[in-house]
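Everything on this sheet refers to the single structure shown next.
The values are calculated or read from the model by the stated rules, or taken from the named source; none is laboratory data. Predicted, not measured: the structure shown is a model, and the values here were computed from it. In this analysis, Cβ positions are derived from the backbone assuming ideal geometry, glycine residues included, and neighbour counts consider all displayed protein chains. SASA here: full protein model, heavy atoms, side chains in, ligands and nucleic acids out. Shrake-Rupley method; radii C 1.70, N 1.55, O 1.52, S 1.80 Å.
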Amino acid sequence: MAKKQLRRMDLIFANDDDYVEILQRTFKSSNEDIIDEMISSGLKGRGGAGFPTGLKWKLTAESTSKKKYVICNADEGEPGTFKDREILTQVPYKVLTGMAVCAKVTGATEGFIYLRGEYKFLVPLLEKELKRFRIICKDLGLDFKVNIFLGSGAYICGEESALMESMEGKRGEPRNKPPFPTDSGYMGKPTVINNVETLAHTFTIFKYGAEKFRDLGVQDSRGSKLFSVSGDTPNPGIYELELGMTVQDFVDDFSDGDCKAVQVGGASGFLVPRKRFNETAIGYQGKLTGISLPTGGSMMLFNSSRSMYNVLNNYLEFFQEESCGQCTPCRVGCQQLVRGIDAVKRGQKPAAYLDKLLKLTDTMKVTAKCGLGQSVANSFQSIVENFREEMIY
Amino acid sequence: MTKMINLTINGIAISVEQETTVLEASKKLNIKIPTLCYHKDLCVAGNCRVCVVEQIGTKKLVPSCASPVQEGMEILTNSLVVRNSRKHIIELLLSEHNADCTKCYKNGNCELQELSSEYKITNSDFIDLVPFKQYKYDDLSPSIIKDDSKCIRCQRCVRTCSEIQHLSALSVAYKGDHMKISTFAEKPLRDVVCSNCGQCVIHCPTGALVEKNYIEEVWDALGDPNKHVIVQTAPAVRVGLGEEFGTNGKGRVTGKMVTALKRLGFDAVMDTDFTADLTIMEEGTELLTRLKKAIVDKDPTVKLPLFTSCSPGWIKFIEHSHPASLGNLSSCKSPQQMFGTLAKTYYAQNRKIDAAKIVSVSIMPCTAKKFEADRPEMRNSGYKDVDYVLTTRELAIMIKQAGIRFPDLEEEKFDKLMGESTGAAVIFGATGGVMEAALRTAYEIVTGRDVPFTNLDIKPVRGFDGIKEASILIQDPLPEWGFLNGVELKCAIAHGLGNAHQLMTQIISGKSTYHFVEFMACPGGCLGGGGQPIPTSPEIRKKRMDAIYAEDASLPIRKSHENPEIIQIYNDYLGKPLGELSHKLLHTHYYPREMI
């Protein structure tokens, strides 16, 4: 189990007004060195899926295509997540620094910020920042233009390939993979797509070096991470914490004293019941022993006044509505789950029907086309298995 | 040399070319993986998930239709997890589907039904979602019925309508549990850009999109002693109908089809081929007249190139999409409609039958023909020229209902007066066929000689290329056509509305200068029509095309103007091509439509 004490960090939101200098310094390094640094830092995607960021850049850099793109995924849509908005408000230059360096090492000439529709109010601020950055890049000899693309409110468009479909003017539906965006992304060209927070963390690496970044966190889960804390807590808000902490550590700090469960990673994440607080770590799966949970950073605390049936029903209704509807397991599976738990609760189906639904989520996990349908099983299984009696009575 | 990839499927080693999908590789090993959203005509969607297989070493199952093979891959197509998942997916599809199979028009030819039968889905206890849905049923179009309760959202129709037909009359609307296949603003198909081509119908795996059938109406007419029911059969029907009776290898079933129609009780069985030949006479003359106006009279109002007007799907497409070019359309009615008008005039007079008692039925490889027959313009005989249009599939249903053992039938000949056919008429059923038939006749009219191609086979206009071009240099014409001396007659052919749109764009931009262009709404022409047997695939279209050209080669007369019944109708009735009577009966014009 992770042994470190939970440490609060203040890297992301620190006011680093020396960013131009950092950018200039980084630009003096060779592309290979930058990529090596990124890889050795151990930074993984902070959107939740946890793909190694350095490798993503490397794969795109290796492509011989003349046209490449960098996209910043700012479609922050996971229920209970609200960190990216704050990053873009307070330190947009860190995200743009990350994009500029990415453009340099991959050879991309154009970038986009795919901004969640509800964050439209950020556009004037970002536009101002983008203008300034264009000039900074030019001075560094980099012809790199970043535009803002406003989403229209579909959760699925946070999925990288659906996001690109939507940017291309099509219906936001996930694509078949392979090919992956590093080979064929936006407009069929090699594309790096990184979460807002991931790009902000690259700044930390450029400023302090990979080694310092690696010092934070444990084993395969390196660095710090922003957490959006909500639910039954006296201290909701955004916190930067080291990766690898146990849920118990977290609860000790944030609970209202009556925490019965924590939902880690939003609707598509896992519910951790009190009895597992000690054995569950927050981080990427890999060498971590025990249960480890990757997360986009949403932490929802539930106290004993909450019905876990209602919690699950709320998630499932969300998925039922936000599924793009193209693939069978996700579109129909979600409907069956919503109606299925209702039928059990009402006594129209026997309690054993929950087992059939659990098997259905096993199928959804391995057959759904994208992460949305695949991850419905996470909350369903962790809630039904741990709070089965609340589902029935 | 393409790189070869080694993998194993169910433990059997195989080496296939790079870019091959797991589905294709499995097929080579005679391993069938079930599919629903996959269709050879269309891009891969990978959305039904029925074809998932296990790839050893990966946590998720992979969709075999969308997964290219990789070196060292180990695939299991029938492992426990695959079977369980596949069964779940079929159960899920059924839970959203109005599975009232015995009352479904597609009962017996439904891919979902076949799949649930194979997997013996007999005890699914998932909740029936159909009562919670507000499924729509749209039967306002004269051609196509759209029943959303049968839809499995595979999007084959959507891909067909956009990729093949460039129309997108059907597209995906809403998301999540409300996701559905819809028209613009959920208007009925009747009121949108739908060309009625029926390509969605032949690509639909279930009963969600079917032709509007008129089988009972035709049975009623056949059973009415006061009606004289006559039937015409389009060229492409004779090369498709056999598929409905398992006579695939045979190809052409012209004689058996005639026998079957007689046994069904039609009072006269005649041939659309006859009016196809008539179309050549009228349209060929129209072309030459326009050329004369353009070259000799220097008339600036004459519209060239001349566009063919046989395909009602194409007609509705141009009315919606390129209304400014309607003047280029030949004023000739389609062969079906020429036949319909003549049935209630020429035929009625000749046979001394009251036209009011005639019920005119046509058997077509086409659903748009149903719409065409319903057009208000198509009543020049004083009656509805064609009363009922049946697709090849509907005819097969009637033959089965009548207990006729089709494969064992003797072969009979069409009835006289409007039943004589030439090779030129038969090839109307294939893309390029109208062009070839027109050239065979027009060239001979102008020069007095056969077209300069071996055996009259104008090979450049044949085959499945999306857009084809051909030209013929006119030399030493007969004196009255002297103005055409040295003119290179340029022609083009497009089939499938996507190709039609592409060719139209070229023509409108002025990049291409043609004299005569053939357009067909469906891939391969009528032989791949929306009324043809299901399934239709590239291989099946190829077989039908081979059969069409074999029929052409087998006929004693292969030029429209040599058809004795054509000579007879001009002598006895019409006078001459583009004459006063033919103008009244055989020609029409079309109108712009909105783009929604």
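Mean projected area of the Cα convex hull of segment A:308-392, taken over all directions, amounts to 4.6 nm².
Counted over segment A:221-372, the DSSP beta bridges are approximately 70% antiparallel. Beta bridges assigned by DSSP with both partners in the protein assembly as shown are antiparallel in approximately 50 percent of cases. Annotation for segment B:101-145: GluC sites (Glu not before Pro) lying in DSSP loop with at most 14 further Cβ atoms inside 10 Å of their Cβ do not exist. Which residues belonging to segment B:24-57 lose at least 20 Å² of 1.4 Å-probe accessible area when the assembly is complete, relative to their chain isolated? Residues of segment B:24-57 that lose at least 20 Å² of accessible area once the other chains are added: B:45, B:47, B:49. Among the listed pairs A:28/A:177; A:225/A:359; A:120/B:60; A:349/B:120, a Cα-Cα separation exceeding 29 Å is found for A:28/A:177; A:225/A:359; A:120/B:60. Using 1/(1 + (r/R0)^6) with R0 = 41 angstrom and r between the beta carbons of residue A:235 and residue A:149, what's the FRET efficiency to the nearest 0.05? Step by step, r from the Cβ atoms, then E = 0.75. Taking only protein heavy atoms and a 1.4 Å probe, the accessible area of chain B is 51% carbon and sulfur. Placing unit charges on the Cβ atoms of the charged side chains and taking the dipole of the protein assembly as shown about its Cα centre, the candidate lying farthest along the positive direction among B:193, B:25, B:112 is B:25. For the pair residue B:411 and residue B:374, a Förster radius of 35 Å applied to the C-beta separation gives a FRET efficiency near 0.55, rounded to the nearest 0.05. Of the residues B:35, B:15, B:55, the one whose Cα sits farthest toward the positive end of the charge dipole of segment B:15-79, with +1 on the Cβ of Lys and Arg and -1 on the Cβ of Asp and Glu, is B:35. In this Cβ point-charge picture (+1 for Lys and Arg, -1 for Asp and Glu), the protein assembly as shown has a dipole of about 760 debye about its Cα centre.
In chain B, a dipole from Cβ-located charges (positive for Lys and Arg, negative for Asp and Glu) runs towards its positive end, and of B:484, B:210, B:281 it is B:210 whose Cα lies farthest in that direction. Count neighbours as other Cβ atoms within 10 Å of each site's Cβ, and list the trypsin sites (Lys or Arg not before Pro) in segment B:511-596 that are DSSP loop with at most 11 such neighbours. Answer by residue number: B:511.
Comparing A:238, A:135, A:87 in a Gaussian network model of chain A (Cα springs below 10 Å), the most mobile by mean-square fluctuation is A:135. Under 29 Å Cα-Cα from residue B:298, which lysines qualify once same-chain neighbours fewer than 8 residues away are excluded? Excluding near neighbours in sequence, the set is B:333, B:468, B:490, B:511, B:576, B:584.
The residues of chain A expose on average 38 square angstrom of accessible surface per residue, using a 1.4 Å probe on protein heavy atoms. Look at the Cα gyration tensor of segment A:22-87: its axes a ≥ b ≥ c give a/c of at least 1.5 with a/b over b/c, and that counts as prolate.
Annotation: amide H of residue A:217 within the under-5 Å range of A:223, A:243, sequence separation 5 or more or interchain, hydrogens built in the peptide plane.
With the biggest extent put first, the Cα atoms of the protein assembly as shown measure 105, 69, 53 Å across the principal axes.
For chain A, the Kirkwood radius over C-alpha pairs fed into Stokes-Einstein at 10 °C and 1.306 mPa s yields D = 74 µm² per second.
Using DSSP to define loop residues, name the trypsin sites (Lys or Arg not before Pro) in segment A:328-393 whose beta-carbon has at most 11 other beta-carbon atoms within 10 Å. The qualifying sites are A:346.
Of all the options A:188, A:54, A:347, the one that moves most in a Gaussian network model of chain A with Cα springs shorter than 10 angstrom is A:347.
Looking at chain B, the pairs of alpha carbons with a distance over 34 Å make up 44% of the total. With the simple model of a label 7 Å out from the Cα in the direction of the Cβ, residue A:208 to residue B:594 spans 6.3 nm. If R0 is 30 Å, the Cβ-Cβ spacing of residue B:186 and residue B:163 corresponds to a FRET efficiency of close to 0.85. Helix content alone sets the calculated 222 nm mean residue ellipticity of chain A: runs of n ≥ 4 DSSP H residues at -39500 (n - 2.57) each, divided across all residues, give -13500 deg cm²/dmol. Atom-type composition of the exposed protein surface of segment A:204-331 places 42 percent of the accessible area on carbon and sulfur (1.4 angstrom probe). Considering only chain A, what is the antiparallel percent among its DSSP beta bridges, to the nearest 5? Roughly 45 percent of the DSSP beta bridges within chain A come out antiparallel. The largest-to-smallest principal axis extents of the Cα set in segment B:427-575 are 50, 40, 32 Å. Would you list which lysines come within 17 Å of residue B:150, measuring only between C-alpha atoms, while excluding same-chain residues fewer than 8 positions from it? Output for residue B:150: B:103, B:106, B:133, B:136, B:180, B:212.
Once backbone amide H atoms are built at 1.01 Å from N, residue A:146 has A:111 as its partners under 5 Å, excluding neighbours fewer than 5 places away on the same chain. How much length is gained if the chain between residue A:317 and residue A:8 is pulled fully straight, taking 0.36 nm per residue apart and subtracting their Cα-Cα distance, in nm to one decimal? Computed gain between residue A:317 and residue A:8 is 107.8 nm. Taking 20 Å as the cut-off, the amide N atoms of segment B:133-147 that come nearer than this to a point 7 Å along the Cα-to-beta-carbon line of residue B:219 belong to B:145.
Taking a ≥ b ≥ c as the square roots of the eigenvalues of the Cα gyration tensor, segment A:97-160 is classed as oblate, since a/c reaches at least 1.5 and a/b does not exceed b/c.
Rounded to the nearest whole Hz, the Karplus-based 3J(HN,Hα) values (6.51 cos²θ - 1.76 cosθ + 1.60, θ = phi - 60°) of segment B:393-405 follow the sequence 5, 5, 4, 4, 4, 5, 4, 5, 4, 7, x, 8, 7, with x at glycine and proline. Phi-derived couplings, Karplus 6.51 cos²θ - 1.76 cosθ + 1.60 at θ = phi - 60°, listed residue by residue for segment A:314-323: 4, 4, 5, 5, 4, 5, 4, 7, 8, 4 Hz, with x used for Gly and Pro. Spatial offset of segment B:398-413 relative to segment B:170-206 amounts to 36 Å, using the alpha carbon center of each. Here the dipole of chain B is about 860 debye; that uses its Cα centre as origin and unit charges on the Cβ of Lys and Arg (positive) and Asp and Glu (negative).
Direction-averaged projected area, Cα convex hull, segment B:4-78: 4.6 nm², rounded to one decimal.
Computed 3J(HN,Hα) for segment B:370-386, one whole-Hz value per residue from the Karplus formula 6.51 cos²θ - 1.76 cosθ + 1.60 where θ = phi - 60°, is 5, 5, 4, 4, 7, 4, x, 5, 9, 9, 6, 7, x, 10, 5, 4, 10, glycine and proline marked x. Projecting label points 7 angstrom from Cα along Cα→Cβ for residue A:25 and residue B:74 puts them 5.0 nm apart.
Under the classification rounded if a/c is under 1.5, otherwise prolate if a/b is larger than b/c and oblate if not, where does segment A:19-215 fall, given a ≥ b ≥ c as square roots of the Cα gyration tensor eigenvalues? The shape class here is rounded.
Under the rule of -39500 (n - 2.57) per DSSP H run of 4 or more residues, summed and divided by the residues of chain B, what mean residue ellipticity at 222 nm is obtained, to the nearest 500 deg cm²/dmol? Taking each H run of at least 4 residues, the total per residue is -9000 deg cm²/dmol.
Only Lys, Arg, Asp and Glu carry charge here, each on its Cβ (+1 for the first two, -1 for the last two); on that basis segment B:4-78 has a dipole of about 280 debye about its Cα centre.
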